[in-house]
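Novice: I am attaching a structure below and will ask some questions about it afterwards.
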Amino acid sequence: MILDDFPDLPDFPASEVWLAGAGPGDPRLLTVLAWHAVSKADDIVHDALVDARVLKLARTDAEFIKVGKRGGRPSPHQRDINEILIERARLGRRVLRLKGGDPFVFGRGWDEALALHAAGIRFRVIPGLTSGLAGTALVGIPATSRDTNHAVVLAAGHRAEDGRSAADWEALARLGQPLILYMPMAQLPEIAAALARGGLSAGTPAALIQSATTGAERVVESTLGTLAADASREGIGSPSIVVIGAIAGLRKELLSSMVGWQ
């Protein structure tokens, strides 16, 4: 129930594109504004990881366009997605671009916003809970702790086999701050090796969170030195978040009292 003094929700005009985040997975983590956008859109251009129950909040006559990018599988090019958004808006449709997590955190939302701006299309950005922060918190891993760190690095698990990428990971290791890695599984051995070369000890706490906030969620506690081997042994694949640093070892202090959020 919406309270009488709750702020009004904005109109979704025809020919606008809203770039919205659907959160880390569980539909209950959808924001009120994102829920509103789903319920009003004519066209919903959505990623593969958006929960089907979120899409059921749409109007019965809404059109769904799946454009999810999955590693190793044929996926739409970003320019094609941009063109879909522009073309649909020019047809006078209310277009919702619905992404997992937050559109501006490794979500290509900025690329789409630039394309819409260049095309003269009005757009709105609706933030969402990003899995690197929400997914970790919900399993008892704080992004920051007064006793361990006052900063945290969010990093995309890009390819690590070339010299430049390896050097980038080595530089991140030297920052001395915990790392939260998005989608790193394909390159996890190379990333772990580069972080070790950058100075992180083999005993640095680490954790893997697969399918955060969903019914398929799994958490594996590890260390930098055994991270890749543990992931392989446990069959951890994508989508996954990897946490490396002191914060990854803190959850054991909470588990006996922490109520499962689901």
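The values are calculated or read from the model by the stated rules, or taken from the named source; none is laboratory data. Keep in mind that what you see is a predicted model, and the values were worked out from it rather than measured. No Cβ is skipped: glycine too gets one built from the backbone with ideal geometry, and neighbour counts run over all protein chains shown. Heavy atoms of the whole protein, side chains included, go into the accessibility calculation; ligands, DNA and RNA do not. Shrake-Rupley method; radii C 1.70, N 1.55, O 1.52, S 1.80 Å.
Novice: Under a GNM of the chain (C-alpha, springs under 10 Å), which listed residue has the highest mean-square fluctuation: Ser238, Ser145, Ser15?
Specialist: Result for the chain, Cα springs under 10 Å: Ser145 fluctuates most.
Novice: While we're looking at this one, here's another question. Note the listed values (1) 19.7, 58; (2) 23.6, 80; (3) 17.2, 50, then indicate which one is Rg and Dmax of the Cα atoms in Å calculated from this particular structure.
Specialist: Identified label for the calculated read-out: (1).
Novice: Let me ask you something else. At 0.36 nm per residue, minus the direct Cα-Cα distance, what do Ser39 and Arg197 gain on full extension? Give it in nm, one decimal, please. Provide the component values of the computation, followed by the final result.
Specialist: On the way: separation 158, 0.36 × 158 = 56.88 nm, distance 4.95 nm.
Stretched fully, the Ser39-Arg197 segment lengthens by 51.9 nm.
Novice: Output wanted: per-residue J couplings in Hz (rounded whole) for the range 179-189, from phi through Karplus 6.51 cos²θ - 1.76 cosθ + 1.60, θ = phi - 60°, x for Gly and Pro.
Specialist: Per residue, the Karplus-derived 3J(HN,Hα) values read 10, 10, 9, 9, 6, x, 5, 5, 10, 4, x Hz.
Novice: At 0.36 nm per residue, and after removing the present C-alpha to C-alpha distance, how many nm does the segment from Phe64 to Val153 gain when stretched out fully?
Specialist: Values: separation 89, 0.36 × 89 = 32.04 nm, distance 3.45 nm.
Full-extension gain reported as 28.6 nm.
Novice: Let me ask something additional. Across the range 63-69, in residue order, what do the Karplus-derived ³J(HN,Hα) couplings come to in whole Hz, using 6.51 cos²θ - 1.76 cosθ + 1.60 with θ = phi - 60° and x for Gly and Pro?
Specialist: 9, 10, 10, 8, 10, x, 9
Novice: By how many nm would the segment from Val125 to Leu91 lengthen if fully extended, with 0.36 nm per residue of separation less the alpha-carbon distance?
Specialist: Numbers: separation 34, 0.36 × 34 = 12.24 nm, distance 2.05 nm.
Result: 10.2 nm gained on full extension.
Novice: Tell me, what HN-Hα J-couplings in whole Hz come from the Karplus equation 6.51 cos²θ - 1.76 cosθ + 1.60 at θ = phi - 60° for each residue of the range 203-215, using x for Gly and Pro?
Specialist: Karplus-based 3J(HN,Hα) across the range 203-215 equals x, 4, x, 8, 8, 10, 10, 9, 6, 3, 6, 10, x Hz.
Novice: Would the range 9-131 count as rounded, prolate or oblate if I go by the C-alpha gyration tensor, calling it rounded below 1.5 in a/c and otherwise prolate when a/b exceeds b/c, oblate otherwise?
Specialist: On the way: a/c = 1.38, a/b = 1.07, b/c = 1.29.
Rounded is the answer for the range 9-131, as its axis ratio a/c remains below 1.5.
Novice: Could you give the nm distance between label points at Leu3 and Glu83, where each point is 7 Å from its Cα heading toward the beta carbon?
Specialist: Distance between label points: 4.8 nm.
Novice: Also: Could you tally up the Lys pairs in the chain with alpha carbons closer than 19 Å? Skip any pair fewer than 8 positions apart unless they're on separate chains. Don't skip to the answer; put the middle values down first.
Specialist: On the way: Lys40/Lys56; Lys40/Lys66; Lys40/Lys99; Lys56/Lys66; Lys56/Lys99; Lys66/Lys99; Lys69/Lys99.
Going through the chain pair by pair, I get 7.
Novice: Roll a 1.4 angstrom probe over the protein heavy atoms and tell me the percent of accessible area of the chain that is carbon or sulfur. Show your work: numbers first, answer last.
Specialist: Working: 7160 of 13360 Å².
Carbon and sulfur: 54 percent of the exposed surface of the chain.
Novice: Grab the beta carbon distance between Ala229 and Lys252, set R0 = 22 Å, and tell me the FRET efficiency rounded to 0.05. Display every interim value, and only then the final one.
Specialist: Working: r = 21 Å, r/R0 = 0.94.
With R0 = 22 Å, the Cβ-Cβ based efficiency is 0.60.
Novice: Take the alpha-carbon centre of the range 121-153, take the same for the range 6-52, and report the distance between them in whole Å.
Specialist: 19 Å
Novice: Kindly report the accessible area of the chain per residue (heavy atoms of protein chains, probe 1.4 Å, no ligands, DNA or RNA), in Å². Display every interim value, and only then the final one.
Specialist: Values: 13360 Å² over 262 residues.
For the chain, the solvent-accessible area averages 51 Å² per residue.
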